[in-house]
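Where a number appears in this text, it was derived from the coordinates with a stated rule and is not lab data. Just so we're clear, the structure is a prediction, and the values are computed from it rather than from any experiment. Ideal geometry is used to build each Cβ from the backbone, glycine not excepted, and the neighbour counts take in all protein chains shown.
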Amino acid sequence: MTMRRIRSLLVALAAVAIVGCSSSSSTSEATLTACTPGTDTDKPKATGQVANSTSKRSTYFIRIVFRDASGNRLTEGVDTISNVEPGTSSPWNITALADANGPVDCKVETVRRTVTPGA
């Protein structure tokens with residue numbers, strides 16, 4: 001198992017802990033700005049912004065699903081964005097957990113928000 005995959009799995013496990021105490025799950029908080037296809041040397045990637053419209057500093061867990069042109073689920077990816085201040089946005093960058101060569105369609109599948117401890 002590569003270090004990149006281990007890191008992705010650790011992020012996903014950490015996100016599971018966050019999901020358990022979520023205060024929000026609207027996908028409208030995260031916008032997708034780019035979806036990059038996979039190649040022989042790179043996994044598919046998605047980038048975007050998460051907007052904190054609340055009055056509390058928050059941490060966001062975002063899950064992206066990557067699908068092929070026929071709509072078949074190929075893989076997914078996750079990211080956790082910490083300490084997003086109220087009224088601001090923060091970028092996210094998600095690399096798929098598995099290889100998927102060729103064109104892909106990206107969709108924000110899950111967004112979970114928790115108030116950052118101490119906020």
D42/V115 FRET efficiency (R0 30 Å; Cβ-Cβ; nearest 0.05): 0.30
Using the Cα gyration tensor of segment 58-119, with a ≥ b ≥ c the square roots of its eigenvalues, what is the shape: rounded (a/c below 1.5), prolate (a/b larger than b/c) or oblate (neither)? prolate
Setting aside same-chain residues fewer than 8 positions from K43, which aspartates and glutamates have a Cα under 12 Å from its Cα? E76, D99
For the pair A51/R73, report the inter-label distance in nm, with labels modelled 7 Å from Cα in the Cβ direction. 2.8 nm
